[in-house]
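Scroll down for the structure; my scribbles are underneath it.
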Amino acid sequence: MTAPSGSHNQYSAPRYYEIAFDMNRRQEVNFLVHCFRRYARRRVHSVLDIACGTGPHLIRLGERGYAMSGLDLSPQNIDFLRERAAGKGLETDLLVADMTRFKLKRPVDAAICMQDSQGHLLKTEQLVAHLRTVARCLKRGGLYVFDRYMVSSWTNPARRWTWSKRRGRLIVRASFSALNDVDPVSQVFRERMTLEAIENGTRRLYRQTHLSRMVFPQELKTVVELAGGFEFVQWFFGFKPHQVLERSRHPIIMVVVLRKK
């Protein structure tokens with residue numbers, strides 16, 4: 001078995017990521033559709049996926065008949081997703097853009113931002129700019145649904161997961177950890193991810209580490225009020241309609257539903 005470094009093409013990392021993180025998406029998409037139908041004050045037909053990555057939610061919503069658009073800061077992710085969507089016969093509008101400042105050709109009925117992608121915004125002013133930008137791209141009565149990591153203890157908040165996924169002859173072993181090295185003042189922490197791919201006797205390794213920032217529930221409500229444009233609808237501690245956040249003692253994530261005023 002060989003272990004070359006830097007020999008894989010630009011699609012390799014998005015491909016490994018898409019395979020490794022292809023889990024629990026059906027339940028999450030079911031929850032998103034539930035929110036669209038229950039909380040939006042307009043029929044949701046068009047949906048924007050912010051920080052869409054390799055498109056685990058975008059593709060599934062597109063297959064359910066929603067008109068999908070997506071944006072991501074990574075050109076490699078967008079190229080990979082464009083090819084993936086075309087292979088499934090889906091028409092999508094994809095762009096490379098920063099989530100704090102982007103413009104769409106036309107407003108949409110709903111927007112989503114999953115997998116704690118808002119955490120890349122390390123300062124409150126960036127989150128405010130993001131919320132204002134999203135509000136401008138939504139139609140009145142439309143929804144914005146997103147999830148955020150949470151921490152219930154400062155003493156040992158780090159969490160780590162490892163798993164393997166197989167697709168054909170390709171095996172991807174993944175390791176992901178969040179809430180490392182938490183700074184209680186800035187609320188910034190480090191995330192680490194390792195993907196090991198083995199295919200046809202060749203081993204490839206992809207590592208990534210970056211900073212992320214958590215927000216607490218009441219803090220988030222204050223930021224939403226500061227940004228303007230949205231009304232708070234509901235929040236949850238998972239992707240089931242009965243899991244209202246106030247009923248959880250030790251939540252790992254919160255899922256937030258906002259509505260455009």
Restricted to the chain, the DSSP antiparallel beta bridge percent, nearest 5, is 70 percent
If every Lys and Arg gets +1 and every Asp and Glu gets -1 at its Cβ, then about the Cα centre the chain yields a dipole, in debye to the nearest 20, of 700 debye
Restricted to the range 49-163, the DSSP antiparallel beta bridge percent, nearest 5, is 5 percent
Once Asp93 and Arg38 are pulled to full extension, the length gained, defined as 0.36 nm per residue separation minus their Cα-Cα distance, is 17.2 nm
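Hey, what number do you get for the chain at 222 nm if only DSSP H runs of n ≥ 4 count, each worth -39500 (n - 2.57), divided across all residues, to the nearest 500?
-8500 deg cm²/dmol
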Whole-Å distance linking the alpha carbon centroid of the range 156-235 with that of the range 100-141 is 19 Å
With +1 at each Lys and Arg Cβ and -1 at each Asp and Glu Cβ, the charge dipole magnitude of the range 171-259 around its Cα centre, to the nearest 20 debye, comes out at 320 debye
Going residue by residue through the range 116-124, the Karplus relation 6.51 cos²θ - 1.76 cosθ + 1.60 with θ = phi - 60° gives ³J(HN,Hα) values, rounded to whole Hz and with x marking Gly or Pro, of 6, 5, 4, x, 5, 8, 8, 10, 4
Simple spin-label estimate for Val188/Gln243, 7 Å along Cα→Cβ, in nm, reads 3.0 nm
Out of Gln27, Thr92, Ala110 - ranked by how far each Cα lies towards the positive end of the dipole of the range 16-154, with unit charges on the beta-carbon of charged residues - the top one is Ala110
Expressed as a percent, the portion of alpha-carbon pairs in the range 63-105 spaced more than 12 Å apart is 59 percent
Quick calc, the range 74-148, dipole around Cα centre from Cβ unit charges on Lys, Arg (+) and Asp, Glu (-), nearest 20 debye, gives 360 debye
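Quick one, can you get me the convex hull of the C-alpha atoms of the range 82-189 expressed as volume per residue in Å³?
Convex hull of Cα atoms, per residue: 152 Å³.
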GNM of the chain, Cα pairs under 10 angstrom: of Asn180, Asn24, Asn77, the biggest fluctuation goes to Asn24
Which of Lys123/Lys221; Lys103/Lys240; Lys103/Lys260; Lys123/Lys165; Lys88/Lys260 exceed 25 Å between C-alpha atoms? The answer is Lys103/Lys240; Lys123/Lys165; Lys88/Lys260
For the chain, whose charge dipole is built from +1 on Lys and Arg Cβ atoms and -1 on Asp and Glu Cβ atoms, the candidate among Asn77, Asn200, Val134 with its Cα farthest towards the positive end is Val134
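Just the C-alpha atoms of the range 165-261: what Rg/Rh do they give, with Rh taken as the Kirkwood radius?
Value, to two decimals: 1.12.
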Between the Cα axis of helix 217-227 and the main Cα principal axis of the chain, the angle (0 to 90°, nearest 10) is 70 degrees
Of the range 15-44, those with amide N under 18 Å from the point 7 Å along the Cα→Cβ vector of Glu63 are 15-34
Hits in the range 40-72: amide N under 17 Å from the 7 Å Cα→Cβ extension of Arg167, namely 52-63
Percent relative contact order for the range 125-223, counting Cα pairs under 8 Å at least six residues apart, stands at 21 percent
Sorting Gln243, Ala158, Ser212 by the position of each Cα along the dipole of the chain (Lys, Arg +1; Asp, Glu -1; all at Cβ), the one nearest the positive end of that ordering is Gln243
In Å, the Kirkwood estimate of hydrodynamic radius for the chain over Cα pairs equals 19.1 Å
With the 8 Å Cα cutoff and a minimum separation of six or more residues, the chain has a relative contact order in percent of 20 percent
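None of the figures in this text is laboratory data; all of them are computed from the coordinates on show. Just so you know, these numbers come straight off a predicted model, no measurement behind them. Ideal geometry is used to build each Cβ from the backbone, glycine not excepted, and the neighbour counts take in all protein chains shown.
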